[in-house]
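Data first, discussion second: the structure below is written as structure tokens.
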């Protein structure tokens with residue numbers, strides 16, 4: 001708060017006083033008052049006025065400078081009313097009350113939505129668990145039945161399962177709590193399960209698989225990793241070329257990380273789209289051409305990876321293939337043995 | 001024959017699971033008296049219990065704990081709750097394994113076999129599948145007929161095993177490939193043909209000729 005600016009804001013008030021004083025001067029000169037009296041009246045009039053403005057300035061300056069200073073340092077700016085002291089002048093007190101009120105109301109509002117969101121998440125979790133029972137029995141019924149519909153129905157059920165998992169992980173990814181459990185496991189275990197899960201597509205589309213160069217253990221949540229690998233493999237299958245398609249999974253052990261690379265020789269992604277594949281709802285050129293793309297799969301992969309603290313990187317050459325690197329950090333900190 | 005008790009309150013799953021496990025050579029049954037499950041289990045002493053968590057009267061955790069107090073009957077917990085907490089709790093209560101629904105039926109079978117093998121401690125005893133004098137030793141991957149013995153490769157072993165499990169029935173190439181991929185053997189069309197040919201040759205060598213017949217357009221059948 002600058003004194004110059006503050007005075008400037010008081011100019012209309014001072015001009016008002018000057019006008020009234022001038023009128024008084026006119027009356028006094030008609031009454032033939034001596035100039036010394038006029039000067040004394042000037043002093044009596046304006047000295048307290050100026051002193052008042054200066055005192056008022058310092059009181060306000062302290063309050064507002066405090067606010068601005070604290071606001072700059074605050075991480076969550078809405079916490080301001082909780083941090084500042086109530087000022088000792090009337091207008092400031094009103095402002096303070098108003099701010100506190102707004103803040104309280106905002107908190108109630110935010111809590112309402114937090115509550116709504118967690119309730120919705122709980123509902124999704126319960127729903128997912130409930131729907132797994134009919135899916136289980138459907139799978140068993142299919143397993144026990146004969147006929148050519150058997151495989152086709154099985155495929156469809158598996159797709160339903162994948163979509164349900166996507167919904168479950170979507171609701172988990174938006175939550176602030178980190179409900180995963182970290183343990184050490186063979187990365188090959190997760191890769192094998194993702195391939196097993198999609199085996200019928202591999203067989204039907206005649207896609208060959210090479211996972212010979214996958215080895216090593218990582219320390220993270222196995223279910224989330226399985227979900228991420230599954231999503232990437234689903235994409236590789238979806239955008240595979242029609243002849244001699246292959247998917248190669250391999251690991252490279254670096255000094256402080258282990259990189260799992262999932263490569264395919266599919267249709268690839270146009271250069272203009274590569275950087276946006278992890279954006280929510282982004283379907284790009286391939287999504288338009290081949291359809292059935294929601295732009296959720298890779299977005300979820302990125303989000304879950306971020307939460308787990310692992311890296312995910314995609315590179316692609318249009319017409320030649322796509323490579324996704326999942327980077328697991330390895331350090332003394334993550335090494336729990 | 002191993003006796004498997006299924007504790008599950010969903011009628012459809014119960015019925016289908018019994019049918020499925022019976023087909024794979026287990027004596028499966030499912031009691032309906034959920035209030036006295038613990039008593040039934042202790043009296044029956046099945047070789048294995050497949051236990052659901054959400055049940056009427058008592059939940060699976062309670063049942064698991066109560067059975068464990070008395071006897072060491074192997075228990076596999078099968079549930080649709082898939083949080084890590086459930087898994088840890090199951091293990092802490094003494095369950096031998098934990099599978100989440102919906103499960104891959106081949107994996108369920110493998111887990112059941114693994115648990116049974118572990119508890120009976122007969123790791124050394126070889127699992128042998130027999131058909132018309134042809135003996136397939138699954139553990140060391142060899143097949144014998146009339147005293148002649150020959151080793152099989154991983155792929156050949158799985159192909160023969162799949163045919164043996166469906167003896168008398170036609171197994172389509174598609175199903176055969178599905179079975180192999182489910183066992184983490186990623187074969188393509190050509191490899192499958194080559195493997196079947198080699199398997200035929202090997203069976204011929206030990207005297208079991210014309211065992212595998214090709215049904216054009218349908219698949220293979222073990223005679």
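You will find that of A:195, A:160, A:247, the residue that is at pLDDT 90 or above, under 29 Å from residue A:287 (Cα atoms) and outside the structural domain of residue A:283 (by TED's automatic domain parsing) is A:160 and no other. Of the set (1) within 12 Å of another protein chain (Cβ to nearest Cβ); (2) assigned to a loop (DSSP other than H, G, I, E, B); (3) farther than 22 Å from residue B:91 by Cβ, all apply to residue B:54 but (3). Scanning the range A:206-224 for residues that are in a helix (DSSP H, G or I) and closer than 18 Å to residue A:250 by Cα returns a single hit, A:222.
Kindly indicate which of A:208, A:240 is at pLDDT 90 or above, more than 11 Å from chain B (Cβ to nearest Cβ) and more than 31 Å from the chain's Cα centre (by Cα). Explain how you work it out, then say what you get.
Values: A:208 fails: more than 11 Å from chain B (Cβ to nearest Cβ).
So the residue among A:208, A:240 that is at pLDDT 90 or above, more than 11 Å from chain B (Cβ to nearest Cβ) and more than 31 Å from the chain's Cα centre (by Cα) is A:240.
Reported count of residues in the range B:162-201, each being within 13 Å of chain A (Cβ to nearest Cβ) and more than 18 Å from residue A:150 (Cβ to Cβ), is 10.
Note on the range A:86-205: enclosed helices (runs of 4 or more DSSP H) holding 2 or more residues that are touching a residue at least 40 places away in the same chain (Cβ under 8 Å), away from chain B (no Cβ under 14 Å) and within 24 Å of residue A:309 (Cβ to Cβ) are A:90-144, A:149-173.
Please verify whether residue B:84 is free of Cβ contacts under 8 Å to residues at least 60 places away in the same chain, in contact with a helix residue (DSSP H, G or I) (Cβ under 9 Å, 6 or more places away or on another chain) and away from chain A (no Cβ under 14 Å), treating the condition exactly as stated.
Details: free of Cβ contacts under 8 Å to residues at least 60 places away in the same chain: yes; in contact with a helix residue (DSSP H, G or I) (Cβ under 9 Å, 6 or more places away or on another chain): yes; away from chain A (no Cβ under 14 Å): no.
Judged against the criteria, residue B:84 is not a match.
The single condition among (1) outside any helix (DSSP H, G or I); (2) within 14 Å of another protein chain (Cβ to nearest Cβ) that residue B:214 does not meet is (2). Among the numbered conditions (1) buried (at least 16 other Cβ atoms within 10 Å of the Cβ); (2) in a helix (DSSP H, G or I); (3) out of contact with any strand residue (DSSP E or B) (no Cβ under 7 Å at 6 or more places or on another chain), the only one that residue A:305 does not meet is (3).
Out of curiosity, is residue A:230 away from chain B (no Cβ under 14 Å), touching a residue at least 60 places away in the same chain (Cβ under 8 Å) and either surrounded by 21 or more Cβ atoms within 10 Å (Cβ to Cβ) or outside any strand (DSSP E or B) (or both)? So that I can check it myself, show each step before the final result.
Numbers: away from chain B (no Cβ under 14 Å): no; touching a residue at least 60 places away in the same chain (Cβ under 8 Å): yes; either surrounded by 21 or more Cβ atoms within 10 Å (Cβ to Cβ) or outside any strand (DSSP E or B) (or both): yes.
It is false that residue A:230 is away from chain B (no Cβ under 14 Å), touching a residue at least 60 places away in the same chain (Cβ under 8 Å) and either surrounded by 21 or more Cβ atoms within 10 Å (Cβ to Cβ) or outside any strand (DSSP E or B) (or both).
Given the condition within 14 Å of chain A (Cβ to nearest Cβ) and over 24 Å from the mean Cα position of the chain (by Cα), answer yes or no: does some residue in the range B:22-45 qualify? So far as the range B:22-45 goes, no, none of its residues is within 14 Å of chain A (Cβ to nearest Cβ) and over 24 Å from the mean Cα position of the chain (by Cα).
The values are calculated or read from the model by the stated rules, or taken from the named source; none is laboratory data. These numbers were taken from a predicted model, which means no experiment stands behind them. Quick reminder, even Gly has a Cβ in these numbers, built from the backbone with ideal geometry, and neighbours come from all protein chains shown.
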